[in-house]
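The next block holds one structure in the form of structure tokens; read it before the comments.
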Amino acid sequence: MFCRNCGQKIEDDAKFCPICGSKQEEEGFSAPDRKESCRSVYDSSSDGYAFLCFLFPIIGLLLFLVWKDMYPLRARSCGKGAIAGVITAIVVSILWSLIVFLARGFKT
Ligand SMILES: [Zn+2]
């Protein structure tokens with residue numbers, strides 16, 4: 001790359017020009033990269049959150065909505081956990097009512 005100030009050829013990753021000493025990093029230019037690396041550090045799929053959202057699907061739904069833009073992978077974990085939790089809750093309630101139904105049937 002070339003120096004922003006004097007136009008001399010300098011190292012591609014140089015932060016300062018070795019010839020004139022001017023700063024090469026521009027805030028607006030490097031900000032998106034920094035945000036991206038930030039995202040990759042903090043955003044990861046999480047079994048812990050998935051399990052939490054499995055137990056509390058409503059929290060999972062809220063976390064999914066809050067994180068879906070900032071932390072897509074983590075939000076996806078929460079979403080999956082919440083869906084699994086809802087499905088499990090439905091299956092358990094169906095089984096439970098079936099058990100109650102059968103138990104009543106046996107009593108009478
Ligand atoms: Zn320079």
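I want to confirm something. Restricting to the range 68-81 and keeping residues that are hydrophobic (A, V, I, L, M, F, W, C) and touching a Leu at 6+ places or on another chain (Cβ under 9 Å), which single residue is farthest from residue 43 (Cα to Cα)? It comes out as 78.
Here is a check on your reading of the model: is residue 75 touching an Asp or Glu at 6+ places or on another chain (Cβ under 9 Å) and surrounded by 16 or more Cβ atoms within 10 Å (Cβ to Cβ)?
Yes, satisfied.
Residues in the range 26-55 that are at pLDDT 75 or above and outside any helix (DSSP H, G or I) were compared, and the one that is surrounded by the most Cβ atoms within 10 Å (Cβ to Cβ) is 46.
The values are calculated or read from the model by the stated rules, or taken from the named source; none is laboratory data. Computed from a prediction, not measured in an experiment: that's the story for all the values here. Note: ideal-geometry Cβ built from the backbone for every residue, glycine included; neighbour counts use all protein chains shown.
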